[in-house]
Each structure stands twice: as structure tokens, then as C-alpha cells.
Amino acid sequence: MTSAKSRHQHGGAAGGGSGKTPGYVRIIGGEWRGRRLPVLDLPGLRPSGDRARETLFNWLQPCIHGAHCADLFAGTGALGLEAASRGAAEVTLVESAPPAMQALRGALTRLGGTAGARVRLEQSDALLWLATQAPRSLDIVFIDPPFDSGMDTRALELLARRDLVRPGGLVYVESARSAPPPHPGLGWELARDKVLGEVRMVLLRKLGS
């Protein structure tokens, strides 16, 4: 979730789309099930809701264990930390807004245990961070920027152009329900496409071997 760039990059109105921003969201499965993550009162910060995350991680369940993941607009960290809770080997939370990054550091401290070893924090613009990554270094990528910012399209283009996702890897994009399904072009397939409340949930799969 972070800003684009101070308009905060992460999203999903709680529960898949309604109204008032909650004061916290809960991790809903895995090792840290039930643990709370604070939601700061920052412009554009939309933590992905419980229903959307439950749907998404049902989709990802066969491949989340041992995966290398990146949550590009991390905000509360709801998507990336859910992935770590459910067995991802490594999760990078990329967030540009200092207040959100401070909250993420606090969340990792409170989670304790192996959280610090498996979750990395990167205070950076998501696109600049992607430009530094090695080809085929990621298994799962979460893209949930502020709606209508255009950052989802730019991030997808960079992922595809730099070949950052391993064959068989997945990219999740969350956008406004009215947005057309994003697609990074040849070599990818649309694996899932669902509208939930005010949110469009799209899962893309990298083809190849």
C-alpha cells in the first residue's frame, strides 16, 4: 500500500469494499492468524478487506508455501504479511511513505519470532525498487496501488519487460471494479478475474518453463 507517492499505495476497502477505513485489519490465516495490523489515517490507504484476502489466498494456497513474494504498495502490509503467515519463504514489503514504514516496523516487532528473518522492509518507490531486481527472482507479486493512479499498469509493464517473475509465477492486481482487467502482454494468462464489492481482483500467471 504505499503512496503514489504520498497518496498511498495499498488498497482494498475493508471487506472488499465499503466505506470507512478501519483502525486495524487482522491477519486471517496461518501462523499469525488473528494478529492485528494498524491502519493509519493516510490519504489513499485502503487495506484489502477480509473477504478479498480470503478469496485471494484461496487462489494462492497451492503455491504460497516457500514462495518469494513482493508486496509493491505495501501500506499496512496486509497482503505481504498474510503471505508470510501462510508459509512464504521470503516477503519484501515495498512502501514509500515514512509513517506507513514506521508502522510496518512496529508490526514486525510485535509479530516477533521468525518475522524479521522472512519479511524484508524496503522504503522505496515501488517502480524504482523493481528496476533493481534480478530477472526471474519473484514467485508472487501483489500490486494494489491507489485506484486510478495508473501505477498498476506501470508496475506490470516493468515486471514483464525485466522478466522479474519466474515461469509459473503469479501477479495479483487489485483495482476499482470498473477497471478493465490488466494484462502485461504475451507470455501471460489471466488465471482469475473476480469483482467483489467495489474491487476488481485479477490474478495473472506467467507462462513458460
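The values are calculated or read from the model by the stated rules, or taken from the named source; none is laboratory data. Remember, it's a predicted structure, so these values are computed and weren't measured experimentally. Please note: Cβ atoms are built from the backbone with ideal geometry, for glycine as well, and neighbour counts cover all protein chains shown.
Quick notes on this structure:
- Screening the stretch 47-62 for residues that are at pLDDT below 95 and buried (at least 19 other Cβ atoms within 10 Å of the Cβ) and picking the one that is nearest to ASP193 (Cα to Cα) gives ALA52.
- For HIS65: the one exception among (1) over 18 Å from LEU204 (Cβ atoms); (2) modelled with pLDDT under 90: (2)
- Strands (runs of 3 or more DSSP E) contained entirely in the stretch 156-209, each with at least 3 residues that are surrounded by fewer than 20 Cβ atoms within 10 Å (Cβ to Cβ): 165-176, 188-196
- Residue that is surrounded by 15 or more Cβ atoms within 10 Å (Cβ to Cβ), free of Cβ contacts under 8 Å to residues at least 60 places away in the same chain, touching a His at 6+ places or on another chain (Cβ under 9 Å) and of a type outside the set (Val, Ile, Thr), where the choices are GLU90, GLU122: GLU90
- Only a single item in (1) touching a helix residue (DSSP H, G or I) at 6+ places or on another chain (Cβ under 7 Å); (2) over 21 Å from GLU95 (Cα atoms); (3) modelled with pLDDT under 95; (4) not polar (S, T, N, Q) is not met by PRO145, and it is number (2).
- Scanning the stretch 139-155 for residues that are within 17 Å of ALA74 (Cβ to Cβ) and either over 13 Å from the mean Cα position of the chain (by Cα) or in a helix (DSSP H, G or I) (or both) yields PHE147, SER149, MET151, ASP152, ARG154, ALA155.
- For GLY44: the one exception among (1) within 13 Å of the chain's Cα centre (by Cα); (2) modelled with pLDDT under 95; (3) among the small types (Gly, Ala, Ser): (1)
- Of residues in the stretch 102-112 being out of contact with any Pro (no Cβ under 6 Å at 6 or more places or on another chain) and in contact (Cβ under 8 Å) with a residue 60 or more places away in the chain, the one surrounded by the most Cβ atoms within 10 Å (Cβ to Cβ): ALA107
- Helices (runs of 4 or more DSSP H) fully within the stretch 28-125 counting 1 or more residues that are farther than 27 Å from ARG136 by Cβ and in contact with an Asp or Glu (Cβ under 9 Å, 6 or more places away or on another chain): 50-60, 98-111
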